[in-house]
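Following: one structure in structure tokens, then a few remarks.
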Amino acid sequence: MTIDEFWKIVERVHGASPKDMESKCRRLAEELRLLPLAEVASFDSHLTECYYRANSWDVWGAAWLIRRGCSDDSFTDFRYTLISLVNDGFEAALANAENLGEFEIGPVWAEHR
């Protein structure tokens, strides 16, 4: 799976449930069940790479402000939520964390547990 194919899956899932993280997770699981195991492993590799790319003080600071506090666990959730915003939102946030103000990622929506 290419990175573009990864983002196409994320975009489909996001498009179907833009503000419901639990629904996004269910839809993603459904999509991944249809793929061969090697493709699922490749998806996971791309997801992990994006997750670690979002590990910065700037992103954490934005998460702290948006969520009105941000523990280690909350920052984990926040980074996955950030990835779920699709490639444009993700890359915009990494380029400048202040760009997160353009996306609906408030303190309530960001909590999906």
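The values are calculated or read from the model by the stated rules, or taken from the named source; none is laboratory data. Given the structure is predicted, the values throughout are model-derived calculations rather than measurements. Note that each Cβ is placed from the backbone with ideal geometry, even for glycine, and that neighbours are counted across all protein chains shown. Surface accessibility is based on the protein's heavy atoms, side chains included, excluding ligands, DNA and RNA. Shrake-Rupley method; radii C 1.70, N 1.55, O 1.52, S 1.80 Å.
In table form, for the structure just shown:
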{"item": "Condition met for residue 7 (open to solvent by 30 Å² or more (accessible area, probe 1.4 Å), among the aromatic types (Phe, Trp, Tyr) and in contact with a helix residue (DSSP H, G or I) (Cβ under 6 Å, 6 or more places away or on another chain))", "result": "no"}
{"item": "The stretch 56-83, residues that are within 21 Å of residue 22 (Cβ to Cβ), open to solvent by less than 80 Å² (accessible area, probe 1.4 Å) and more than 12 Å from the chain's Cα centre (by Cα)", "result": "63, 66, 67, 70, 71, 74"}
{"item": "Residues satisfying the stated conditions in the stretch 41-59, i.e. within 13 Å of residue 10 (Cα to Cα) and touching a helix residue (DSSP H, G or I) at 6+ places or on another chain (Cβ under 8 Å)", "result": "43, 46, 47, 50"}
{"item": "Near pairs, Cβ below 8 angstrom, 6+ apart or cross-chain, from the stretch 84-113 (under 14 Å from residue 18 (Cβ atoms) and of a type in the set (A, V, I, L, M)) to any residue that is modelled with pLDDT under 75 and in a loop (DSSP other than H, G, I, E, B)", "result": "85/103; 85/105"}
{"item": "Test set (1) open to solvent by 50 Å² or more (accessible area, probe 1.4 Å); (2) touching a helix residue (DSSP H, G or I) at 6+ places or on another chain (Cβ under 7 Å); (3) under 20 Å from residue 1 (Cβ atoms) - residue 103 fails condition number", "result": "(3)"}
{"item": "Filter result (among the hydroxyl-bearing types (Ser, Thr, Tyr) and either over 17 Å from residue 82 (Cβ atoms) or open to solvent by less than 40 Å² (accessible area, probe 1.4 Å) (or both)) within the stretch 35-55", "result": "42, 45, 51"}
